[in-house]
């Protein structure tokens with residue numbers, strides 16, 4: 001069942017989203033060669049706590065960290081570690097904040113120092129896919145309109161979209177309906193209604209869309225070792241169009 005949010009509830013979610021956005025702004029200057037993803041995780045946790053919010057992922061289904069940090073061919077759900085980032089890496093940092101019982105969720109892809117043109121192009125197209133999906137998130141459209149905009153842009157640039165990890169509704173729980181892949185046909189799928197709130201989070205691979213989960217049960221990697229990039233926002237469907245609740 002899809003849980004529609006009232007305008008007041010969306011405003012509450014916007015406060016949680018603002019915390020996530022502030023955490024991304026806080027870590028951006030520190031994403032550089034020699035800094036570890038564990039250090040970045042700790043900066044986020046400290047900053048989020050300072051803002052009066054709780055890192056929702058810490059303790060979620062046994063997960064131990066305030067962030068997911070996914071480097072290069074890790075698509076998502078990577079563990080923060082003490083290994084220093086190196087020049088040319090790209091790192092996806094996924095942050096979920098809980099504030100007054102409401103959640104905000106946003107992942108961002110960061111360049112570590114100077115990166116290759118291949119990596120920069122992948123990152124750029126991934127961000128463009130997010131933006132293309134958001135533009136279609138209006139009342140009366142179908143979910144397929146959102147996913148088709150994403151898929152056509154990604155595949156038009158030669159990239160593949162991960163299918164085994166899903167975007168999701170969000171509110172007081174992290175994973176609400178709808179759960180969906182970022183591929184689809186226009187005019188298909190559920191009709192978007194005012195009050196829906198869900199993530200749009202395309203994951204683009206430079207190679208195949210296939211992936212596997214490591215033995216830790218969390219870390220998702222590209223099957224062929226190719227680079228992966230992701231950008232994610234929490235988006236509300238309103239009468240005035242899409243509202244990005246995690247806008248930086």
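The values are calculated or read from the model by the stated rules, or taken from the named source; none is laboratory data. In this text, all values refer to a predicted model and were calculated from it rather than measured experimentally. All Cβ positions, glycine included, derive from the backbone under ideal geometry; neighbour counts span all protein chains shown.
Structure notes:
- For segment 131-145, the set of residues classified as within 11 Å of residue 201 (Cα to Cα) and crowded, with 22+ Cβ neighbours inside 10 Å consists of 133 only.
- Per the listing 138, 146, the residue uniquely within 18 Å of residue 244 (Cα to Cα) and part of a helix (DSSP H, G or I) is 146.
- Some residue of segment 115-127 being at pLDDT 95 or above, part of a helix (DSSP H, G or I) and more than 20 Å from the chain's Cα centre (by Cα): yes
- Set 75, 93: member being crowded, with 20+ Cβ neighbours inside 10 Å, touching a helix residue (DSSP H, G or I) at 6+ places or on another chain (Cβ under 8 Å) and in contact (Cβ under 8 Å) with a residue 40 or more places away in the chain: 93
- Selected residue [surrounded by fewer than 23 Cβ atoms within 10 Å (Cβ to Cβ), at pLDDT 95 or above and under 29 Å from residue 214 (Cβ atoms)] from 38, 103, 99, 51: 38
- Condition check for residue 194: in contact (Cβ under 8 Å) with a residue 24 or more places away in the chain, surrounded by fewer than 18 Cβ atoms within 10 Å (Cβ to Cβ) and under 19 Å from residue 10 (Cβ atoms): yes
- Within segment 2-15, residues that are on the phi < 0 side of the Ramachandran plot and part of a helix (DSSP H, G or I) sit with their Cβ atoms under 9 Å from residues that are modelled with pLDDT of 95 or more and surrounded by fewer than 14 Cβ atoms within 10 Å (Cβ to Cβ), at 6+ positions apart or across chains, in these pairs: 12/100; 12/101; 15/100.
- Single residue of segment 52-71 satisfying the filter (assigned to a loop (DSSP other than H, G, I, E, B) and in contact with a strand residue (DSSP E or B) (Cβ under 6 Å, 6 or more places away or on another chain)) that is farthest from residue 165 (Cα to Cα): 53
- Residues in segment 201-214 include at least one that is in contact (Cβ under 8 Å) with a residue 12 or more places away in the chain, closer than 27 Å to residue 19 by Cβ and out of contact with any helix residue (DSSP H, G or I) (no Cβ under 6 Å at 6 or more places or on another chain).
- For segment 66-82, a residue qualifies if it is more than 26 Å from residue 210 (Cα to Cα) and over 16 Å from the mean Cα position of the chain (by Cα), and exactly one does: 82.
- Of residues in segment 106-124 being surrounded by fewer than 19 Cβ atoms within 10 Å (Cβ to Cβ) and touching a strand residue (DSSP E or B) at 6+ places or on another chain (Cβ under 8 Å), the one farthest from residue 41 (Cα to Cα): 120
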